[in-house]
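The values are calculated or read from the model by the stated rules, or taken from the named source; none is laboratory data. No experiment lies behind these values; they were computed from the predicted model shown. Cβ placement follows ideal geometry from the backbone for every residue including glycine, while neighbour counts extend to all protein chains displayed. The area values use the complete protein model at the heavy-atom level, side chains included, leaving out ligands, DNA and RNA. Shrake-Rupley method; radii C 1.70, N 1.55, O 1.52, S 1.80 Å.
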Amino acid sequence: MIFEYFYKRPYLLYSLIFGFFIVGILGLIKLPKNLFPDSNPPKIVVITKVPGATAQVVASTVSKPIENELSRLGMVSDVSSVNVANMSIVSAEFDYKKGLNAAAVDVANALNVAKAKMPKGLTPAIYEAGDFTLPVDVISLSPKNSSINLAEIRKIADSFIKPRLLSNKNIGNVEVFGGYQSSINIEVDPFKAKKYGVTFDNIIKVIMAQNKDIPVGFIKGKDSFFTVTIYGEKDNVLNLENILIKPNVRLKDIADVKWGYQKRTSGYIGNGKDSVALSIQRSPGGSVLDVSKATRLEMKKLQKLYPNINFEISDTQRDLIEQSNTNMLEALKDAVFYTLIVIMIFLGNFRAIIAAGISIPMVFFTTIAIIWLMGGELNIVIYTAIILALGMLTDDAVVVLENIERHLNETKEDLQTAIKNGTKEVLSPVFAGTLATIAILFPLMFIGGFPEKIFKPLIETLIIALLVSYFLSVTFIPLLSSYLYKNGTGKTKIEKGFEWFYQNTIGRLVKPYEGVLEFSNPKSWVKIPRRIFLTVGVIAILVFSMKNVMPTIGKDAMPPMDTGIIKAQISFSSNENVETAEAKMKPFLKWLNNQPWVIRSSIAFGSEAGVLSLGSGNLPTEATITINAVNRFERKQNLWQLEDMIRDKLATLEGIKRDDVFDFGATALSSIKATVDTRITSPNLEGLSEYSKKIAKQMEKVKGFTSVSTSWNKDFSEYVIEVDRNKALKYGITPISIATQLPIKGEVISLNANLASMNTQYVRLYLKSRYTKNLETLKLFPINTKFGEIPLSQIATIKKEITYAKIERDNMEYSIDVNGYRAKRAVTHLTDDTINEINKVKENGFTLTQTGDSAQIQDSFERMIKAIGLGIIILTMSLIAIYKSIRMAFIMILVLPLSMIGASWGMLIFDKPSCMPSLLGILLLFGIIIKNAVLLIDFYQDYRKENTPFDSAIKSVTVRFRPVMMTAFGTIAGMIPIALEQAIGLERLSPLADVAVGGLLIGTLLTLIYIPMYAYIFDRDK
């Protein structure tokens, strides 16, 4: 037996406690700290550059073959793609059971098959994505003075700063974004090329052949060994323009070769300044704070190395996590204080306060130590679990201490005998209560999906804390009692004052409970109607609450939270460029930077291949905005009021087409695009964009949406060259040969490198700018034929058409998302109203599905309801095994639903929807109610050995009223900081406390009536 073993070996126990205490302190310092556990499923992204291709061509020739192969992989849950000009982005999302590395290997193998069906010369790149993709810090680099420009900063960032940051072992990855990417541009004059008989194909082949280093071999002598290499790479413009294209014809004779920039498809504005962004990422499972600390230290060193560059943090997770961790520790202190106050009110005993006050930090640090040793992390979920456990932790210690004191007072035993007998007497109910709570929570660790990822750490922490609490209550508390009671059980005046207060307030409630039991057991025949009345009455209240309250509050996956981080997605006309979009943002930035609540801002325009954390999939005129505001404890407006201000200001910008503003973490998973996402799919591309506008118009009628937008549209102007095949054949040319003579896409034809500095420069081939200015100049472009040179307009017509700047696909079909963003209205209410509206405009040929939070709600609720059911089954089996009575086990189980009366009203009063945290709160509520039921039934059975069933029921209420009420109110007191959302991010978990507080208030009152009533009614041994 644990008690006897450690009671005889006190110094072994003290050593264990001290050891875990020290390890716990170290763990608190060293544990990785994040906001929430990583919850996104494994995701692999395949990015393929397709120079010169339109979105439609990219979708049909590149994305579609890749999607076909990825869809065949095992455990893949979704395959989607975003297709823009020059780039394909295909994403494959896998089941949680699939490891990230295994998923990457499978995708790589699938790509080997897909490449055979794709255009030649393309090289798809594979990237792993998940929670770790979100930037830990974004460093904006801007010029301090005129001695340096953004292009030079971009080159320094790519070549020197990024490698240096990556050399730090704490930093997982660094992505460079924005600015100007330099390149050596070759602008060919087609007339000069014709004069010398040079084709574009000649130029490409010569440069690719000459502008590279070629290893020839080696020479080995008697005493020496040499490698032989022909160095052909040209490390400056002067050398490159002197390359011989033909004998006596140099490149500079037919083209202008100059140092310039790639045509921009991305831009970045950090804290209101045009900048180059460094997105710092952690490794999978890494600590946000550790990465941020390492980054800030490196940044200080880099500021000294590059004094002309301004280094600023323009976005960060660090402030949010540090603030949240600080708040949670303060909330923990408050919870301890509130719990000790409750103990003092109920017991009026300083010894109990001392026992609880010592055991709480012991349990806390021991739990932290075990989490650290198990390789865990600290986050809001872990802290919440510890706070939730406080009431239960103190209960175990106080029950043991109170029973020892009862033995000293009532049986007049000596101290050591009282400690032994008092502890042994409550070993069974304390163990049974602990086991019952664990039994009902345990299944939630294995339900799979999103709920398991979020709540498994919480359940693990609760179980650890409960087991540690049980261990300390039956080992340390008895030893502590030897010191607390060495001078007897006498009380001070203050303790007597608290005792008087209890007896004249809460203690008076014992009589009404006894009265209810006596009402249920009159000596006449009316006892049956009375018992039916009491039973039917409480069932009616339960049914009324569930039928009326639950539909009113609605459902969410996870409730909204005010993190102080605001996100926005905006867009301008697809036919504009990055420079135009940046210029149009200036009035908004001027207003934003003057707002007192703004700390920093980050605006990423467009996309770059290989960059996932900033702007992935955006068009050049689309921007993702992130605004960091001061925390909610230090500002007057809430987050949703700030969002309204930002949305109104964005709406005034010239030419803005989309202004979606929403809170960080607005959806349960980052892969969910919006709170309500009506996805329209069709095997055919035509008609999707037009139909999406009808759906968007209907969704705008739904109350509660702050904005509605479509993910893409048919709104991009392009020039279409229609070749007259008959005319072309007369001249001996084909459409393909014509296309090869039009190098207007800036194709990379070589890499120019300086081996010493590791600077790599792209060499790009363009037409002379005068031939790409407008439609008329393009018509005059000379085309070489076997009969001589002719203008392009002679064999082709060029016309302007409206096409797609972006195309999305999902599960092998073309798709478009109509996204609805909200403030705080429940997801199910929004979704139901949306479905009612869009059903009015249903059309054949299109499939409509809801892929926003509602899909996650359905899956998660099904999993959690199964967990609750399984938990109740395991609990029932455990109680039957412990008490060897099916009857008593079912009596305890049948009162659990009654606590749902208080739970439902608690959510309504606190204005919270039913959600995953509230379902977890129900499980926790059941665990506490069962623990109280165990106290009542244990005493009932013990007292029943010598008394009648009814007398035993009355006595169980009289004797156990105080500990049952203390357990309930102690737990409620510990949950007050969670219910009041005293920490940043606790809005996500507060429904858990709201459910438990409401459920415990009502459930405990009903437990004290119905457990003893049914116990004596169904007692067969009357």
Between Asn242 and Ser159, Cβ-based FRET efficiency (R0 35 Å, step 0.05) works out to 0.90
Each label point is 7 Å from the Cα along the Cα-to-Cβ direction; what then is the distance between the points at Ser793 and Ile909, in nm?
8.1
With each run of n ≥ 4 DSSP H residues scored as -39500 (n - 2.57), what mean residue ellipticity at 222 nm is computed for the chain after dividing by its residue count and rounding to the nearest 500 deg cm²/dmol?
-16000 deg cm²/dmol
Going 7 Å from the Cα of Arg72 in the Cα-to-Cβ direction, what parts of segment 97-139 have a backbone nitrogen less than 13 Å from that spot?
107, 109-117
Would you calculate the separation in nanometres between label points at Arg508 and Glu634, each defined as 7 Å from the Cα along the Cα-to-beta-carbon direction?
4.8
I need the Debye-formula profile for the chain: one equal scatterer per C-alpha, no solvent, reported as log10 I(q)/I(0) at q = 0.05, 0.08 1/Å, two decimals.
-0.42, -0.89
Residues other than Asn618 with Cβ under 14 Å of its Cβ, Lys/Arg counted +1 and Asp/Glu -1, net out at 0
Suppose each label sits 7 Å from its Cα in the direction of the beta carbon; what would the Lys586-Phe519 distance come out to in nanometres?
7.7
Cβ crowding within 10 Å averaged over residues, with 137-143, 536-542, 422-428, 357-363 ranked highest first:
137-143, 357-363, 422-428, 536-542
Count the net charge of all other residues whose Cβ sits under 9 Å from the Cβ of Asn83, scoring Lys and Arg as +1 and Asp and Glu as -1.
+1
Take the residue pairs Lys49/Lys263; Lys64/Lys117; Lys120/Lys799; Lys144/Lys304; Lys120/Lys800; Lys194/Lys786 and return only those whose Cα atoms are more than 18 Å apart.
Lys120/Lys799; Lys120/Lys800
Report Val578's accessible area, 1.4 Å probe, all protein chains in place, as a number in Å² to the nearest 10.
0
Could you rank Met877, Met546 by how accessible they are, 1.4 Å probe, largest area first?
Met877, Met546
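Quickly rank 80-92, 561-573, 301-313 as a protection proxy: mean count of other C-beta atoms within 10 Å, highest first.
Packing proxy ranking, top to bottom: 80-92, 561-573, 301-313.
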How large is the accessible surface of Phe200 in square angstrom, using a 1.4 angstrom probe and rounding to the nearest 10?
20
For Ala968, the net charge from surrounding residues (Cβ-Cβ under 15 Å; K, R +1; D, E -1) works out to +1
By how many nm would the segment from Asp942 to Lys424 lengthen if fully extended, with 0.36 nm per residue of separation less the alpha-carbon distance?
185.1 nm
Heavy-atom SASA rank of Phe939, Phe346 (probe 1.4 Å, accessible area, largest first)
Phe939, Phe346
Once Lys and Arg get +1 and Asp and Glu get -1 on their Cβ, which of Tyr196, Met546, Leu894 lies farthest toward the positive end of the dipole of the chain?
Tyr196
May I ask which of Lys169/Lys333; Lys412/Lys931; Lys162/Lys273; Lys97/Lys673 have a Cα-Cα span longer than 27 Å here?
Lys169/Lys333; Lys412/Lys931
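Can you give the FRET efficiency for Tyr483 and Ile25, using 1/(1 + (r/R0)^6), R0 = 35 Å, r = Cβ-Cβ distance, to the nearest 0.05?
Computed FRET efficiency for Tyr483 and Ile25 comes out at 0.90.
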What length, rounded to one decimal in nm, is gained on full extension from Phe191 through to Arg9, with 0.36 nm per residue of separation minus their alpha-carbon distance?
55.6 nm
Could you order Phe21, Phe501, Phe662 by accessible surface area, starting with the largest, using a probe radius of 1.4 Å?
Phe501, Phe21, Phe662
Please work out the FRET efficiency for the pair Asp290 and Ile865, using the Cβ-Cβ distance as r and a Förster radius of 25 Å; give the result to the nearest 0.05.
0.05
At 1.4 Å probe size, what's the solvent-accessible area of Ile865? Round to the nearest 10 Å².
100
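Arranged from highest to lowest average of other beta-carbon atoms within 10 Å per residue, in what order do the peptides 405-414, 987-996 appear?
987-996, 405-414
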Taking a probe of 1.4 Å and leaving out DNA, RNA and ligands, the chain shows per residue an accessible area in Å² of 42
For Ser885 and Gln262 in one chain, what is 0.36 nm times their gap in residues minus the Cα-Cα distance, to one decimal in nm?
216.4 nm
Where in the chain are the DSSP H helices whose C-alpha atoms run 18 Å or more along the long axis and whose mean Kyte hydropathy is at least 0.5?
10-30, 100-114, 318-347, 350-373, 380-406, 415-441, 449-484, 527-544, 853-883, 916-944, 949-979, 990-1017
Place a point 7 Å from the Cα of Ser60 along the Cα-to-Cβ direction; which residues of segment 85-102 have their backbone N under 17 Å from it?
85-88
